[in-house]
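Engineer: After the structure tokens below, expect a handful of questions from me.
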Amino acid sequence: MNPIFIDIKEFPQRMQEYKDLKGMDFLRELIGMDWGEEGLGVIYILENSDTHENLEIAIKTTDREHPTLPTVCHLWSVAELYEREVYDFFGIHFTDHPDMRRLFLRNDWVGYPLRKDYDESEAINPVRMESEITEDVQREYEIKEEAELKKINAQTNRISGDQYVINIGPQHPATHGVLRFRLALEGEEIRKIDIHCGYIHRGIEKMSEKLTYPQILGLTDRLDYLSAHQNRHALCMCIEKAMGIEVTDRTQYIRTIMDELQRIDSHLLFLSCAAMDLGAITAFIYGFRDREKILDIFEEVTGGRLIQNYNTIGGVQADITPGFAKKVKEYCEYQKSKIKEYNDVFTNNIITQLRMKGVGRITLDDAISYGCTGGTGRASGWACDVRKRHPYAIYDKVEFKEIIYKRGDCYDRFKVRIDEIKESIHIIEQIIDNIPEGDYKVKTKPIIRIPEGQYTAAVEGSRGEFGVFIESHGEKSPYRIKFRPMGLPLIAAMHKILKGTKIADLIAIGATLDYVIPDIDR
Amino acid sequence: MKKPNIKSIPYEEFKDNETLEALIKEINSERTNVVVGALDDLINWGRSNSMWSLTFATSCCGIEFMSLGAARYDFARFGFEVTRNSPRQADLIMVAGTITHKMAPVLKRLYDQMADPKYVVAVGGCAISGGPFKSSYHVLNGVDKIIPVDVYIPGCPPRPEAILYGMMQLQRKVKIEKFFGGKNHRAKKGEMNNDPIIVTNAPIIDNEKLSKE
Ligand code: SF4
């Protein structure tokens, strides 16, 4: 990867051109960087949603005291949260950003953790046991003529005083983890939503800078634990690409099958939880009952149920067991017969239909602008499947349909996933009988070092595009590693979806967006 | 106070009986009236078989907790099936998942809001010590730094069986509580409860031995 550096002055105009003239309407990644002496900066990866052509742009500033860069959030809506993340981690201000607050850390946090000169000592940032005060006011900055930063304490209220504010989370069963919403209501209608993340921010990216590559692998499983295989697949792929390792066909087949099983597993859990949130316990039990069958297969091959630690650099940890193919085939048969059951008890239920149809629509343009990949994007009609866009493993050799719906409401999002279960089974059935013989792992050097440079890889995770970016300086550990969260774009779009809907619909919308919080917070 | 009994797992099969016995000894050091003692037993029997937990699943371990609630592991068999979303109605808090700096005050507050007697179960490496994220700048290295823990269930994530076993250890602890007269082993005011039960791996149950009993 070789990003083009653009001068700050030209930057806003050039970005506008890329979007308008070159059709770069999908902001794949926005990566904050600290290049030490050379300054702080941001790398943008843009994509044209029709031609799938990519473009890498970079921008930097040498001012470490008050780094300021122009915002792009008027071009790509998702940048609003991405830039807040960069501000949180690197202290870079984006001029004209409407809401420049920290995204993950507490607002009394001292320092910017992903900077190279950040002091991690406990004394500076102890565990603060007093509750955090929610800031409704943000500081605004203005560049004065002498290119010096002036701080004006503008009173931009997120939520103004006379609205009725209700707080949901961070510990609430309908948020699927530890997310916190502050909703401003008028009657039952949602006027504004303020999302607070970071309750499960584990600092994986910073930790990784001190770990060796094989050690980092272990952490990827715990990002989105329902796409453990795919996450790890992405990182392995990225490292293999960088080191020029060719994995065997057998590995590719095994990885593909495992990825698909994981996708089914995740979609079954999605179904269960969506049903549970809407009050249908039976479907919850059904989903979990069938999910256990996949977990049994995982356990037999990998030794783990939920977190498998299976992929490794150059292959997989252990060969598949002798009865694997038979078990998987049995499972596929079984699962196909069960989908009708879900539809009978849940999907075709009148209550489900009323609560989902026409609720929480995302238009195609919004889906792209917010970068909502995965089932959410496909429900809005966006063909965003990485398996089709940038095929990896053996996805270009198998035949499968990309499930696309048009309306983009909760019901479509739900249907996409049910149909994807069928598609995944279809993929598995094509390849399960002809897994080629060979090694399941190629030999690698005992110490993994990646040659200098920047590398990316992406896979289709269970709920969207999962990307990995590595900048290596030739060491045993990466200089910077960034994971593209699948869920952050989804919650960025929530703001748009929820405006004007009823508060009760929040549950259905949250459930069908299908985010996993540890993946958002990393 | 007698040794607590759990149906279908013999007393000797449990690990860490010493901690329990020390507790019993401490309680028994004061005499109890027979009638009152029987009342205590009755209450403990009821309480230990209907442990309501506050759902506090922050990450991966929470999914295993959900599996526990579903068909295969079905913790309703032991009376744990009622999960509460409000701390005021819960008996115990299952800390399943990583606790970060931002979450720590929230967890503490939820714990403080629970009504006594209350228990804490730390599920998974993260809740016990920070687990794989021990060296992170934003992860609390063990929930016992902020709230007293009764049972530790290690694993990453622990298997559902291990969680069940941990819950049974908690049941045993509940069974030796004393409410009337004399002293209760639970923390004196302002004192942390320092005798947690450590669950190592679950014991292997000898089915033959069981069927004979
Ligand atoms: S102990 Fe392991 S499985 Fe459990 S929350 Fe921590 S990382 Fe996830």
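Engineer: Could you give me the radius of gyration and the Dmax of region A:286-347, taking only the C-alpha atoms into account and expressing both in angstrom?
Structural biologist: Computed over the Cα atoms of region A:286-347, radius of gyration and Dmax are 14.0, 44 Å.
Engineer: Shifting gears a bit: Normalized C-alpha radius of gyration of the protein assembly as shown, against 2.2 N^0.38 Å?
Structural biologist: 0.98
Engineer: Express the accessible area of region A:364-433 per residue in Å², computed with a 1.4 Å probe while the remaining protein chains stay in the model.
Structural biologist: Accessible surface, normalised per residue, equals 31 Å².
Engineer: For residue B:93, enumerate residues with amide H under 5 Å from its amide H, sequence gap 5+ or separate chain, H modeled in the peptide plane.
Structural biologist: Amide H to amide H, under 5 Å and 5 or more residues apart or across chains, residue B:93 pairs with B:54, B:119, B:120, B:121.
Engineer: A further question follows. What average count of beta carbons from other chains do you get within 10 Å of the Cβ of residues in B:104-111?
Structural biologist: Taking the mean over all residues of the peptide, I get 4.
Engineer: As I understand it, the dipole of the protein assembly as shown uses +1 on the Cβ of Lys and Arg and -1 on the Cβ of Asp and Glu, about the Cα centre. Which of A:311, A:41, A:79 lies farthest toward its positive end?
Structural biologist: Of the candidates, A:311 comes out farthest on the positive side.
Engineer: Follow-up question, since we're still on this one. Among A:268, A:280, A:377, which residue has its Cα furthest toward the positive end of the charge dipole of the protein assembly as shown, with +1 on Lys/Arg Cβ and -1 on Asp/Glu Cβ?
Structural biologist: Of the options given, the answer is A:280.
Engineer: Can I ask one more? Once amide H atoms are placed 1.01 Å from N in the peptide plane, what residues at a sequence separation of 5 or more from residue A:58, or on another chain, have their amide H within under 5 Å of its amide H?
Structural biologist: When sequence neighbours closer than 5 places are left aside, the close amide H contacts are A:4, A:5, A:6, A:44.
Engineer: A plus B alone minus the pair: what accessible area, both sides summed, probe 1.4 Å, in Å² to 100?
Structural biologist: 3700
Engineer: Can you classify region A:382-522 as rounded, prolate or oblate using the Cα gyration tensor, where a ≥ b ≥ c are the square roots of its eigenvalues, rounded means a/c under 1.5, and otherwise it's prolate if a/b beats b/c and oblate if not?
Structural biologist: Oblate, since a/c reaches 1.5 and b/c is not below a/b.
Engineer: Let me ask another. Pop out the carbon and sulfur fraction of the accessible area of region A:332-386 as a percent, whole number, probe 1.4 Å.
Structural biologist: 55
Engineer: Would you mind classifying region A:323-381 by shape? Square roots of the alpha carbon gyration tensor eigenvalues, ordered a ≥ b ≥ c; an a/c under 1.5 is rounded, otherwise it is prolate if a/b is larger than b/c and oblate if not.
Structural biologist: It is oblate, given that a/c is not under 1.5 and a/b is not larger than b/c.
Engineer: Relative contact order for region A:4-143: what percent, with Cα pairs under 8 Å and sequence separation of 6 or more?
Structural biologist: So the answer I get is 18 percent.
Engineer: Still on this structure, please answer the following. Treating each Cα of region A:198-273 as an identical point scatterer and ignoring solvent, apply the Debye formula and state log10 I(q)/I(0) at q = 0.11, 0.17 Å⁻¹.
Structural biologist: With one equal scatterer per Cα and no solvent, log10 I(q)/I(0) is -0.35, -0.77.
Engineer: Over chain A, calculate the relative contact order: mean separation of alpha carbon pairs under 8 Å at least 6 apart, over the residue count, as a percent.
Structural biologist: Once divided by the residue count of chain A, the mean separation gives 17 percent.
Engineer: Using Cα positions and a limit of under 16 Å, work out the lysines in reach of residue B:102, with same-chain residues fewer than 8 apart set aside.
Structural biologist: B:134, B:145
Engineer: When Rg is the radius of gyration of the Cα atoms in region B:12-184 and Rh is its Kirkwood radius, what does Rg/Rh come to?
Structural biologist: 0.99
Engineer: Moving to a separate point now. Relative to the Cα centre, what is the charge dipole magnitude of region B:12-184, using +1 at the beta carbon of each Lys and Arg, -1 at the beta carbon of each Asp and Glu, and rounding to the nearest 20 debye?
Structural biologist: Dipole of region B:12-184, to the nearest 20 debye: 520 debye.
Engineer: Also, quick follow-up: Quick check on packing: order A:368-376, A:257-265, A:204-212, A:320-328 by the mean number of other C-beta atoms within 10 Å, highest mean leading.
Structural biologist: A:368-376, A:257-265, A:204-212, A:320-328
Engineer: Taking the dipole about the Cα centre of the protein assembly as shown, with the C-beta of Lys and Arg at +1 and of Asp and Glu at -1, give me whichever of A:114, B:68, A:438 is farthest to the positive side.
Structural biologist: B:68
Engineer: Using a/c under 1.5 as the rounded threshold, could you call region A:365-441 rounded, prolate or oblate? The axes a ≥ b ≥ c are square roots of the C-alpha gyration tensor eigenvalues, and prolate needs a/b larger than b/c, oblate otherwise.
Structural biologist: Prolate, because a/c is 1.5 or more and a/b exceeds b/c.
Engineer: Moving on. Checking the cross-link filter: which lysines have an alpha carbon closer than 18 Å to that of residue A:116, excluding same-chain neighbours under 8 positions apart?
Structural biologist: Within the straight-line cut-off, residue A:116 pairs with A:60, A:206, A:210, A:476, A:482.
Engineer: To the nearest 20 debye, what charge dipole does the protein assembly as shown have about its Cα centre, counting +1 at the Cβ of each Lys and Arg and -1 at the Cβ of each Asp and Glu?
Structural biologist: 1800
Engineer: List the aspartates and glutamates whose alpha-carbon lies under 18 Å from that of residue A:401, not counting same-chain residues fewer than 8 positions away?
Structural biologist: Output for residue A:401: A:50, A:259, A:260, A:385, A:412, A:419, A:420, A:423, A:429, A:460, A:465.
Engineer: For region B:12-184, calculate the relative contact order in percent as a whole number, restricting contacts to Cα pairs under 8 Å that are 6 or more residues apart.
Structural biologist: Computed over region B:12-184, the figure is 25 percent.
Engineer: Take every residue in peptide B:66-77, count the Cβ atoms of other chains within 10 Å of its Cβ, and give the average of those counts.
Structural biologist: Neighbouring Cβ atoms belonging to other protein chains average 4 per residue here.
Engineer: Please list, ordered by chain and number, the residues whose modelled amide H lies under 5 Å from the amide H of residue A:180; skip anything fewer than 5 residues away on the same chain.
Structural biologist: A:196
Engineer: Something else about it: Got a sec? What order do B:18, B:13, A:429 fall in by accessible area at 1.4 Å, biggest, i.e. largest, first?
Structural biologist: B:18, A:429, B:13
Engineer: Hey, any idea what Rg/Rh is for region A:32-131, computing Rh the Kirkwood way over Cα pairs?
Structural biologist: We get a ratio of 1.03 for region A:32-131.
The values are calculated or read from the model by the stated rules, or taken from the named source; none is laboratory data. Since the structure is predicted, the reported quantities are computational estimates derived from the model, not experimental observations. Note that each Cβ is placed from the backbone with ideal geometry, even for glycine, and that neighbours are counted across all protein chains shown. Side chains are part of the model used for accessible areas, which takes the heavy atoms of the whole protein and leaves out ligands, DNA and RNA. Shrake-Rupley method; radii C 1.70, N 1.55, O 1.52, S 1.80 Å.
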